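The values are calculated or read from the model by the stated rules, or taken from the named source; none is laboratory data. Everything quoted here is computed from the prediction, not taken from an experiment. Note that we place each Cβ from the backbone using ideal geometry, even for glycine, and neighbour counts take in every protein chain shown. These area figures cover heavy atoms from the full protein model, side chains too; ligands, DNA and RNA do not enter into them. Shrake-Rupley method; radii C 1.70, N 1.55, O 1.52, S 1.80 Å.
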Amino acid sequence: MSTKEIWFETLHNGFGQFFSIDKTLYHDKTEHQDLIIFENEVMGRVMALDGVIQTTERDEFIYHEMMAHVPIIAHGRAKRILIIGGGDGGMLREVCRHQSVEQITMVEIDANVVEFCREYLPNHSAGAYEDPRFNLVIEDGVNFVNQTDMKFDVIISDCTDPIGPGESLFTSDFYQGCARCLNENGIFVAQNGVCFLQQDEAVSSNNKLSSYFEDVSFYQAAIPTYYGGIMTFVWASQNALLRQHDLSILQERVSKSGIRCRYYNPAIHAGSFALPQYLQDALSQ
């Protein structure tokens, strides 16, 4: 009986997770980072960058649905969407489901990630790259938000962890640029790690974003791939009412959109802003 190759992910000394590799589809260093895509019997196709799992076919829908639909439904009239990162295409797929959206811009620093994910993770984008509303920009996200003349209703930062190329997407320069190019009542969201293990990241994001946004908060979702607890997303806008809609309003907007998800629904949306006490305590210090 052959022994399968094992791929390990360790973000904290003495604690991590492993995946058996049934087949390596691609593994090489791009211009910016080490990229591997492999098949796993339980999670399907898996992509990792610089030794950190980014997405799997099995549970990617939870992450992408919560990052896309929470801000777009909360906004209510979002026409122009900016995605920072998102080279695997999953975020674009979910944004494209909103027929009311008129323009989608995606800024990805690494063209190779887009190319390889279209080839090896086609179910993530599911044809979304062909949507006529879509425009791809290969550029550093910080440079883009600080230099563009475009304005957006929703900005989704589908970034990696704050190491390597993703580090700049957790800086004050980036947050200030996002605030600058949001329309009135615009919403910014970004992944912010698993707060049980990465609590300092949430506190840092909260402190930095509070310099540019009147309302900063977090919402959460349970995503098995991101081990160590519940995945946290940071939320920022100038209008606190945008994250306080009654359930009936959310239900009406989701019904009108015609979108039916596998994870996201109006009740999940409303409940996701309830935070554990340990995070509330850390944020209030």
**OP:** Please list, ordered by first then second residue, the pairs with beta carbon atoms under 6 Å, 6 or more apart or interchain, first in the range 75-91 and under 25 Å from Ala240 (Cβ atoms) and in contact (Cβ under 8 Å) with a residue 40 or more places away in the chain, second of a type in the set (Phe, Trp, Tyr) and buried (at least 24 other Cβ atoms within 10 Å of the Cβ).
**Re:** Arg80/Phe152; Leu82/Phe152
Subject >> Near pairs, Cβ below 7 angstrom, 6+ apart or cross-chain, from the range 126-137 (over 19 Å from Ala111 (Cβ atoms)) to any residue that is of a type outside the set (A, V, I, L, M, F, W, C) and part of a helix (DSSP H, G or I) >> reply: Ala126/Arg93
Original post:
Restricted to the range 212-236, and to residues that are out of contact with any helix residue (DSSP H, G or I) (no Cβ under 7 Å at 6 or more places or on another chain) and of a type in the set (Ser, Thr, Tyr), which residue is modelled with the lowest pLDDT?
Top reply: Tyr227
**OP:** Please go through the range 143-166 and pick out each residue that is of a type in the set (Val, Ile, Thr), open to solvent by less than 40 Å² (accessible area, probe 1.4 Å) and modelled with pLDDT under 95.
**Re:** Thr160
Subject >> Test: residue in the range 71-88 that is in contact with a Phe, Trp or Tyr (Cβ under 6 Å, 6 or more places away or on another chain) and within 16 Å of Tyr129 (Cα to Cα) >> reply: yes
Subject >> Elements of type helices (runs of 4 or more DSSP H) contained in the range 167-263, each with 1 or more residues being under 21 Å from Gly85 (Cβ atoms), out of contact with any Asp or Glu (no Cβ under 9 Å at 6 or more places or on another chain) and open to solvent by 30 Å² or more (accessible area, probe 1.4 Å) >> reply: 172-180, 199-209
Original post:
In the range 267-281, how many residues are part of a helix (DSSP H, G or I) and either out of contact with any helix residue (DSSP H, G or I) (no Cβ under 6 Å at 6 or more places or on another chain) or touching a residue at least 60 places away in the same chain (Cβ under 8 Å) (or both)?
Top reply: 9
**OP:** Could you tell me which residue of the range 5-35 is least open to solvent (accessible area, probe 1.4 Å), considering only residues that are touching a Leu at 6+ places or on another chain (Cβ under 8 Å) and under 20 Å from Arg118 (Cβ atoms)?
**Re:** Leu35
Original post:
Taking only pairs six or more apart or across chains, which ones have beta-carbon atoms under 7 Å, a first residue in the range 39-68 that is of a type in the set (D, E, K, R), and a second residue that is in a helix (DSSP H, G or I)?
Top reply: Arg45/Tyr120; Asp50/Gly164; Glu57/Asn123; Glu60/Gly90; Glu60/His124; Glu65/Glu94
**OP:** Give the number of residues within the range 74-97 that are open to solvent by 10 Å² or more (accessible area, probe 1.4 Å) and over 23 Å from Phe116 (Cβ atoms).
**Re:** 6
Subject >> Ala68 vs. criteria part of a loop (DSSP other than H, G, I, E, B), of a type in the set (A, V, I, L, M), closer than 30 Å to Tyr175 by Cα and modelled with pLDDT of 95 or more >> reply: no
**OP:** Take the range 37-51 and flag every residue that is out of contact with any helix residue (DSSP H, G or I) (no Cβ under 6 Å at 6 or more places or on another chain) and open to solvent by less than 10 Å² (accessible area, probe 1.4 Å).
**Re:** Phe38, Val46, Met47, Ala48
